[in-house]
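Input: a single structure, listed below in structure tokens.
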Amino acid sequence: MNLYIASIKMWFKGFREDSQKTVTYYFERDKINVITGDSSTGKSSLLNIIDYLLLSDNPTIVENVINENVEFYGMNIFINGNSYVLIRKAPQMGIGSQDVYFERTDGYPEPYRKTHNVGELNAAFNSIFGIPEHMQKIGRTNSTLTFRHFLPFNYLTEDIISSANVYFDIPFFISRSYDVFLDFALEYVNGIKCFDEKGITAEVETTKKELIKYQQKHLKNQEEVRKYKEELGKIFDEAVGLNLIPVDSLFLQEDANEMLKYVQRSISAYDKLIKDEEDTNKLGNLRKKKDDLLNKINTYRSLMGEMDRQKSLGSRVEDSLRPISYIREHIDEVISSPDTLELLDELENQLQQIKRVKQNPPVLPSDYIRRYEELKQELKECNNELTRLLALRKTIGDPVWLNRALRIKYRLKDLKSPAVDTYQFAVEQEKVSKIESLETRLKQIHLLPHDIKDELSKYINQYFHSKNGMVGSYPGTSMVYDDSERRISLLKEGAEFPVRNIGSKSNYMFLHLCFFLGLHKSILKNKAQQVGSFLFIDQPSIPYYADKGTLDNDDKKQLTKAFCLLNDFMKEIVLDEEGHFQIILIEHADESYWKNLVFFHTVAKFSKSENGGLIPKNIYE
């Protein structure tokens, strides 16, 4: 994220009555902005103020002299080229104000108009910084990742700059969540997006289990349907063999309920034949009905046959009388007798009658054919019932038949229909596609950087091995980031185990500088917008001034070398790569150490005897 701090402003109590009761510190973009001066002048408190303005819930601004005199803190920051002003009321009794002013503007307004509460602005910053959705269980509650969980990468504090084992000042933030989210955040900004590999792998396994279960359920259902149909077919065959259902009722083979109705009806009929002697007359009635139906059908057939015969006969008679017309036309040539003429007249009359009849032939009633088909169907049903009853009569008094029939009845009753198969090919394919998609994501993840040690090593060693690094003190070695302990060790070429103890605090200070510079180089290369392109460094000279007032030549060389390392980094980012970066450096050393380094810019010199420090003398005296 292209972010730099343009200025920090403080409004002291009484500023409304006296406009001089404010102070502003200006910082330059693409520079190492140095605040130097005496100890106990409030230099380090500048980080506490910056962190408070970046929405800290646990303000750590020194109360004595500083916070007790300040009414409002403000900061002008540039985010991706846009100027924003953020103002927050000074903490009261160690508790930060929940009201914040934050707007896109070039200048500071007079405090105080609230535009957001802390929660709202936190959410806005999460959006601006592109914070991914991520949660972690902390105790009994779920904590959500925010932009603030990436700030440990911007703060190289005086508490850790020469520490042998600590490279991220987690205690500075006074919250367990920073420790919990650190590894995730570090991997994320270094281009390692496999943080969800375990989740994706688990999702693949879960989806595979769901697919297998879905397929097995379908196969089980198919097997149940097969067994059901097989059993139903056996029952059907046995029922037909016992004359419980008609032979030609094939539609019953797949309908247990209808088959059961037929079986129950046959058993009921059997019971009636046994218990009620009058029902034996039913056979006679059926035979009589059959004879009646046969007579009617024969009558229908005879009438249709006679109609066809008459049609055929009329045509033949008409053909035989056609010569009469010829004779009439040539009568003078062949006939002269009166009797012959009379006969000819009679035959001609008959021919005319036949023609008239043929023109209007008799027709059968419109429902004649339908009724004929219905009679045929009734005869078929009558024959089926007659056959069934004749078979039943043969079984009267046969307990074996009855037992077999009852067994079929109860087998049908106990036969459970298979569960409805909800299987859909589209659903199965959706699960298959999901698995393939997830496995493709896993393959892509494995092709991406996935080891934070490898990713950081190539960048941090760039500065470790540089002319202003510290490889001269440990030739043939490289820096190695231990992700399990979150610390740096040195590994000699060909050695199996790293060197953990590297001696003086000066060496550890250099390791911290190389680590943070390499970390930000990696972040810039990966274009991680979650981390602002600025670094706050608090007193690299601590190892040298710890127990002495002045430095010897060797200490001066080492400190100058450290400042040159910072200058080299800025040259590489700003000039060579045409990027942007800002360092705010708090330093006890004097300006002579960096006066010839082009990327250094002195913001302020604090003196107890002169201006008083971060809070001007005229404010607290």
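Taking the condition open to solvent by less than 60 Å² (accessible area, probe 1.4 Å), of a type in the set (A, V, I, L, M), assigned to a helix (DSSP H, G or I) and more than 30 Å from Ile200 (Cβ to Cβ), does Leu442 pass?
no
If you scan the range 519-538, which residues turn out to be assigned to a helix (DSSP H, G or I), over 17 Å from Val166 (Cβ atoms) and not basic (Lys, Arg)?
Passing the criteria: His520, Ser522, Ile523, Leu524.
State whether the residues of the range 424-435 include one that is assigned to a strand (DSSP E or B), of a type outside the set (Gly, Ala, Ser) and either open to solvent by 60 Å² or more (accessible area, probe 1.4 Å) or closer than 29 Å to Glu587 by Cβ (or both).
Checked against the condition, which is being assigned to a strand (DSSP E or B), of a type outside the set (Gly, Ala, Ser) and either open to solvent by 60 Å² or more (accessible area, probe 1.4 Å) or closer than 29 Å to Glu587 by Cβ (or both), the range 424-435 yields no hits at all.
Which of the residues belonging to the range 525-584 are of a type in the set (Gly, Ala, Ser) and either crowded, with 21+ Cβ neighbours inside 10 Å or under 30 Å from Met1 (Cβ atoms) (or both)?
Once the filter is applied, which keeps residues that are of a type in the set (Gly, Ala, Ser) and either crowded, with 21+ Cβ neighbours inside 10 Å or under 30 Å from Met1 (Cβ atoms) (or both), the range 525-584 yields Ala528, Gly532, Ser533, Ser541, Ala562, Gly579.
Within the range 189-210, identify whether any single residue is in a loop (DSSP other than H, G, I, E, B) and exposed (fewer than 13 other Cβ atoms within 10 Å of the Cβ), and answer yes or no.
No, every residue in the range 189-210 fails to be in a loop (DSSP other than H, G, I, E, B) and exposed (fewer than 13 other Cβ atoms within 10 Å of the Cβ).
If a residue must be modelled with pLDDT under 80 and either more than 19 Å from Lys413 (Cα to Cα) or open to solvent by 60 Å² or more (accessible area, probe 1.4 Å) (or both), how many such residues does the range 255-264 contain?
Of the residues in that region, 0 qualify.
Restricting attention to the range 366-379, which residues are without any contact (Cβ under 8 Å) to a residue 24 or more places away in the chain and either closer than 17 Å to Asn285 by Cβ or in contact with a Gly (Cβ under 8 Å, 6 or more places away or on another chain) (or both)?
Residues satisfying the conditions do not exist here.
Given Ser457, Ser433, Ser437, which one is touching a strand residue (DSSP E or B) at 6+ places or on another chain (Cβ under 9 Å), of a type outside the set (Lys, Arg) and modelled with pLDDT of 85 or more?
Ser457
Is it true that some residue in the range 580-590 is farther than 13 Å from Ser541 by Cβ and free of Cβ contacts under 8 Å to residues at least 60 places away in the same chain?
no
I need the full set of residues from the range 129-139 which are open to solvent by 40 Å² or more (accessible area, probe 1.4 Å), in a strand (DSSP E or B) and touching a residue at least 12 places away in the same chain (Cβ under 8 Å), in order please.
Gln136
Take the residues in the range 469-486 that are within 25 Å of Asp555 (Cα to Cα) and surrounded by 14 or more Cβ atoms within 10 Å (Cβ to Cβ), then tell me which one is nearest to the chain's Cα centre (by Cα).
Selected residue: Met479.
Can you tell me which of Ala185, Ala164 is at pLDDT below 95, within 25 Å of Ile583 (Cα to Cα) and open to solvent by less than 10 Å² (accessible area, probe 1.4 Å)?
Ala185
Can you find a residue that is assigned to a strand (DSSP E or B), open to solvent by less than 10 Å² (accessible area, probe 1.4 Å) and more than 14 Å from Phe536 (Cα to Cα) anywhere in the range 41-64?
Within the range 41-64, not a single residue is assigned to a strand (DSSP E or B), open to solvent by less than 10 Å² (accessible area, probe 1.4 Å) and more than 14 Å from Phe536 (Cα to Cα).
Tally time: how many residues in the range 503-512 are surrounded by 15 or more Cβ atoms within 10 Å (Cβ to Cβ) and either touching a helix residue (DSSP H, G or I) at 6+ places or on another chain (Cβ under 6 Å) or at pLDDT below 90 (or both)?
3
Being more than 40 Å from the chain's Cα centre (by Cα) and among the hydroxyl-bearing types (Ser, Thr, Tyr) is the filter here, so list the residues in the range 72-98 that pass it.
Once the filter is applied, which keeps residues that are more than 40 Å from the chain's Cα centre (by Cα) and among the hydroxyl-bearing types (Ser, Thr, Tyr), the range 72-98 yields only Tyr73.
Given the residues Asn126, Asn142, Asn122, which is the only one that is at pLDDT below 95 and either in a strand (DSSP E or B) or not hydroxyl-bearing (Ser, Thr, Tyr) (or both)?
Asn142 is the lone residue from the list that is at pLDDT below 95 and either in a strand (DSSP E or B) or not hydroxyl-bearing (Ser, Thr, Tyr) (or both).
Could you please give the count of residues in the range 18-56 that are modelled with pLDDT under 95 and of a type in the set (Asp, Glu)?
So the count comes out to 2.
Quick one: would you say Asp159 is in contact with a strand residue (DSSP E or B) (Cβ under 7 Å, 6 or more places away or on another chain), touching a residue at least 12 places away in the same chain (Cβ under 8 Å), surrounded by 14 or more Cβ atoms within 10 Å (Cβ to Cβ) and acidic (Asp, Glu)?
No, not satisfied.
Out of Leu585, Leu491, Leu566, report the one residue that is touching a Pro at 6+ places or on another chain (Cβ under 9 Å), among the hydrophobic types (A, V, I, L, M, F, W, C) and over 30 Å from Gly81 (Cβ atoms).
Result: Leu491 is the single residue among Leu585, Leu491, Leu566 that is touching a Pro at 6+ places or on another chain (Cβ under 9 Å), among the hydrophobic types (A, V, I, L, M, F, W, C) and over 30 Å from Gly81 (Cβ atoms).
Just give me the residues in the range 575-603 being within 53 Å of the chain's Cα centre (by Cα), under 25 Å from Tyr545 (Cα atoms) and not in a loop (DSSP other than H, G, I, E, B), in sequence order.
Correct list: Ile583, Ile584, Leu585, Ile586, Glu587, Phe600, His601, Thr602, Val603.
Touching a residue at least 60 places away in the same chain (Cβ under 8 Å), touching a Ser or Thr at 6+ places or on another chain (Cβ under 7 Å) and under 30 Å from Glu63 (Cβ atoms) - does that describe any residue in the range 613-620?
So far as the range 613-620 goes, yes, one or more of its residues are touching a residue at least 60 places away in the same chain (Cβ under 8 Å), touching a Ser or Thr at 6+ places or on another chain (Cβ under 7 Å) and under 30 Å from Glu63 (Cβ atoms).
Of the conditions (1) under 22 Å from Ala6 (Cα atoms); (2) at pLDDT 95 or above; (3) surrounded by fewer than 20 Cβ atoms within 10 Å (Cβ to Cβ), Val70 fails just one. Which one is it?
(3)
Just to be sure, is Glu223 in a helix (DSSP H, G or I), among the acidic types (Asp, Glu), surrounded by fewer than 13 Cβ atoms within 10 Å (Cβ to Cβ) and modelled with pLDDT of 90 or more?
In short, yes.
Given the condition on the phi < 0 side of the Ramachandran plot, under 36 Å from the mean Cα position of the chain (by Cα), in a loop (DSSP other than H, G, I, E, B) and touching a residue at least 40 places away in the same chain (Cβ under 8 Å), answer yes or no: does some residue in the range 100-113 qualify?
no
What single numbered condition from (1) farther than 16 Å from Ser162 by Cβ; (2) of a type in the set (A, V, I, L, M, F, W, C); (3) assigned to a helix (DSSP H, G or I) fails to hold for Leu565?
Condition (1) is where Leu565 drops out.
Anything in the range 84-99 that is open to solvent by less than 20 Å² (accessible area, probe 1.4 Å) and either touching an Asp or Glu at 6+ places or on another chain (Cβ under 8 Å) or closer than 15 Å to Ile8 by Cα (or both)? List them, or say none.
Val85, Leu86, Ile87, Arg88, Ala90, Gly96
Yes or no: the range 73-81 includes at least one residue that is closer than 28 Å to Phe181 by Cβ, open to solvent by less than 20 Å² (accessible area, probe 1.4 Å) and either touching an Asp or Glu at 6+ places or on another chain (Cβ under 8 Å) or without any contact (Cβ under 8 Å) to a residue 60 or more places away in the chain (or both).
Among the residues of the range 73-81, not one is closer than 28 Å to Phe181 by Cβ, open to solvent by less than 20 Å² (accessible area, probe 1.4 Å) and either touching an Asp or Glu at 6+ places or on another chain (Cβ under 8 Å) or without any contact (Cβ under 8 Å) to a residue 60 or more places away in the chain (or both), which makes the answer no.
The values are calculated or read from the model by the stated rules, or taken from the named source; none is laboratory data. None of these values were measured; they are calculated from a predicted model. Cβ: placed from backbone, ideal geometry, glycine included. Neighbour counts: every protein chain shown. With ligands, DNA and RNA removed, areas are computed over all heavy atoms of the protein, side chains included. Shrake-Rupley method; radii C 1.70, N 1.55, O 1.52, S 1.80 Å.
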